[in-house]
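Chemist: Structure incoming, see below.
The values are calculated or read from the model by the stated rules, or taken from the named source; none is laboratory data. Because the structure is a prediction, the values reported are computed rather than measured. Note: ideal-geometry Cβ built from the backbone for every residue, glycine included; neighbour counts use all protein chains shown. Ligands, DNA and RNA are stripped out before the accessible areas are found, and what is left, the full protein with its side chains, is counted by its heavy atoms. Shrake-Rupley method; radii C 1.70, N 1.55, O 1.52, S 1.80 Å.
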Amino acid sequence: MKINKCGNYKSNTINFFNRVAEKNHGDSYKHYKTVLDWMKGIKIEKILDLGSGRGSFIEKIRENYEYKDVDIYGIDISENMIKKSIDKGINAKFFVGDSENIKFEDEYFDLEICINSFHHYENTEKSVKEMSRVLKKDGVLILGEIYLPKILNFLINKLLPYGTTGDYKIYSSEELESIFKNENLYLEKQKYTFPSIKTYMFRKK
Ligand SMILES: C[S@@+](CC[C@H](N)C(=O)[O-])C[C@H]1O[C@@H](n2cnc3c(N)ncnc32)[C@H](O)[C@@H]1O
């Protein structure tokens, strides 16, 4: 029996997340404590959450009094995710948008957050270029991603083209460090949480 590849990652991603927008999906929340801890040392006026989903992390940020006056923006490629965030009445500006083509001016944000979304981006170079472009110099990007042991990572990447969820590639830490460094985003710290996630902090030089 021949199993066919499932075609376009972007349309698969949009269809999948439009379908699950009413439910909590995956284990993104496992990054939240680390990201909030790391945010404490950063002077922040404007935050962009890339692939903001149902706006759950932005809700967490707003629970902290110190961020009450910060401007927060969420973009997501799934209309239903953005609709859900707006319907929840979260205090932030939400837009349907693509991390590969971010509709903001250069050096606009102090902090970018991208939790469990980057592995859907097929045009990796373009998205990282965009992430770097809209970040201020000395600004911070916090990335939350899936992390797997080498062999499992290799096997999963072989299977992803046959899936329907739009997952494009799971990266090793070394790959991420090198991809982001190409766009002046330097790895400052990383934290592994058992069994399968890693959180990374990059700074724009
Ligand atoms: C697993 S969810 C994580 C949601 C959120 N970050 C959280 O912490 O709950 C991944 C999100 O990334 C979004 N996404 C995937 N590819 C995208 C792209 N190219 N541009 C913007 N959002 C994208 C999906 O629509 C989905 O809502």
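Chemist: Among PHE95, THR199, TYR67, which residue has its Cα positioned farthest towards the positive end of the charge dipole of the chain, with +1 placed on the Cβ of Lys and Arg, -1 on the Cβ of Asp and Glu, and the dipole taken about the Cα centre?
Modeler: Final value for the positive-end residue is THR199.
Chemist: Also, I was wondering about something else. Just going by the charge dipole of region 55-205, with Lys and Arg at +1 and Asp and Glu at -1 on Cβ, which of GLN190, ASN80, ILE115 is farthest out on the positive end?
Modeler: In region 55-205, that residue is GLN190.
Chemist: Determine ³J(HN,Hα), in whole Hz, for all residues of region 145-160 in sequence, where each value follows from phi through the Karplus function 6.51 cos²θ - 1.76 cosθ + 1.60 and θ = phi - 60°; x replaces Gly and Pro.
Modeler: Karplus values, whole Hz, x for Gly and Pro: 9, 6, 9, 10, x, 3, 5, 4, 4, 4, 5, 4, 4, 5, 7, 3.
Chemist: Still on this structure, I have one more. Which percentage, to the nearest 5, of the DSSP beta bridges contained in the chain is antiparallel? Before the final figure, lay out the partial values.
Modeler: Values: 16 of 34 bridges.
Here the share of antiparallel DSSP bridges comes out near 45 percent.
Chemist: In units of 2.2 N^0.38 Å, what is the alpha-carbon radius of gyration of the chain? Don't skip to the end; give the middle numbers.
Modeler: On the way: Rg = 16.3 Å, N = 205, 2.2 N^0.38 = 16.6 Å.
Computed over Cα atoms of the chain, the ratio equals 0.98.
Chemist: Sticking with this one: With θ set to phi - 60°, apply the Karplus curve 6.51 cos²θ - 1.76 cosθ + 1.60 along region 37-48 and write out the HN-Hα couplings as whole Hz, x wherever there is a Gly or Pro.
Modeler: 3J(HN,Hα) across region 37-48, in whole Hz: 4, 5, 5, 4, x, 10, 7, 10, 10, 9, 10, 10.
Chemist: Right, next: What percent does the relative contact order of region 9-204 come to when contacts are Cα pairs within less than 8 Å and at least six residues apart? Before the final figure, lay out the partial values.
Modeler: Working: 369 pairs, mean separation 44.1, N = 196.
Relative CO of region 9-204 lands at 22 percent.
Chemist: Please label the shape of region 1-116 as rounded, prolate or oblate, based on the square roots a ≥ b ≥ c of the eigenvalues of the alpha-carbon gyration tensor (a/c under 1.5 means rounded; beyond that, a/b larger than b/c means prolate, else oblate). Working shown, then result.
Modeler: Numbers: a/c = 1.93, a/b = 1.76, b/c = 1.10.
Prolate is the answer for region 1-116, as a/c is 1.5 or above and a/b outweighs b/c.
Chemist: Now for a different question. Roughly how big is the chain's charge dipole about its Cα centre, with Cβ charges of +1 (Lys, Arg) and -1 (Asp, Glu), in debye to the nearest 20?
Modeler: Working: 34 positive and 31 negative charges, 101 e Å.
That gives a dipole near 480 debye.
Chemist: Do you know the relative contact order of region 1-97, to the nearest whole percent, from alpha carbon pairs under 8 angstrom that are 6+ apart?
Modeler: On the way: 107 pairs, mean separation 28.4, N = 97.
Value for region 1-97: 29 percent.
Chemist: Sticking with this one: Per DSSP H run of at least 4 residues, take -39500 (n - 2.57); add these up for the chain, divide by its residues and hand me the 222 nm value, nearest 500 deg cm²/dmol. Mind showing how you got there, number by number?
Modeler: Values: 7 runs with 65 residues, N = 205.
Calculated from helices alone, the mean residue ellipticity at 222 nm is -9000 deg cm²/dmol.
Chemist: Taking H placed 1.01 Å from N in the peptide plane, check which residues at least 5 places from VAL134 or on another chain put their amide H under 5 Å from its amide H.
Modeler: GLU107
Chemist: If you count only protein heavy atoms with a 1.4 Å probe, what accessible area per residue comes out for region 56-205, rounded to a whole Å²?
Modeler: Working: 7520 Å² over 150 residues.
I get 50 Å² per residue for region 56-205.
Chemist: Would you tell me the accessible area of ASP71, worked out with a 1.4 angstrom probe on the heavy atoms of the protein chains, in Å² to the nearest 10?
Modeler: That residue has around 60 Å² of solvent-accessible surface.
Chemist: Through the Karplus equation 6.51 cos²θ - 1.76 cosθ + 1.60, θ set to phi - 60°, convert the phi angles of region 56-69 into ³J(HN,Hα) values in whole Hz; use x for Gly and Pro.
Modeler: 5, 6, 5, 4, 4, 4, 5, 5, 9, 4, 4, 9, 5, 9
Chemist: I need the per residue convex hull volume for region 106-184, using only the alpha carbons, in cubic angstrom as a whole number. Spell out each step's value before the answer.
Modeler: Numbers: hull volume 6.9 nm³, N = 79.
For region 106-184, the hull spanned by Cα atoms encloses 88 Å³ per residue.
Chemist: Calculate, in nm to one decimal, what ILE151 and GLU107 gain on full extension: separation in residues at 0.36 nm each, minus their alpha carbon distance. Present the calculation step by step, with values, prior to reporting the outcome.
Modeler: Details: separation 44, 0.36 × 44 = 15.84 nm, distance 3.83 nm.
Result for the pair: 12.0 nm of gain on full extension.
Chemist: While we're here: For ILE113, what residues show an amide H to amide H distance below 5 Å, using hydrogens built from the backbone and excluding near sequence neighbours?
Modeler: Those qualifying (amide H under 5 Å, at least 5 residues apart or on another chain) are LEU48, ASP49, LEU50, ILE142.
Chemist: Express the carbon and sulfur contribution to the solvent-accessible surface of region 111-160 as a percent, rounded to the nearest whole number, probe 1.4 angstrom. Mind showing how you got there, number by number?
Modeler: Numbers: 1420 of 2230 Å².
Heavy-atom surface of region 111-160 belonging to carbon and sulfur, 1.4 Å probe: 64 percent.
Chemist: Right, another one. Keeping all protein chains in position, work out how much accessible area ASP138 exposes to a 1.4 Å probe, and write it in Å² to the nearest 10.
Modeler: The value for ASP138 is about 90 Å².
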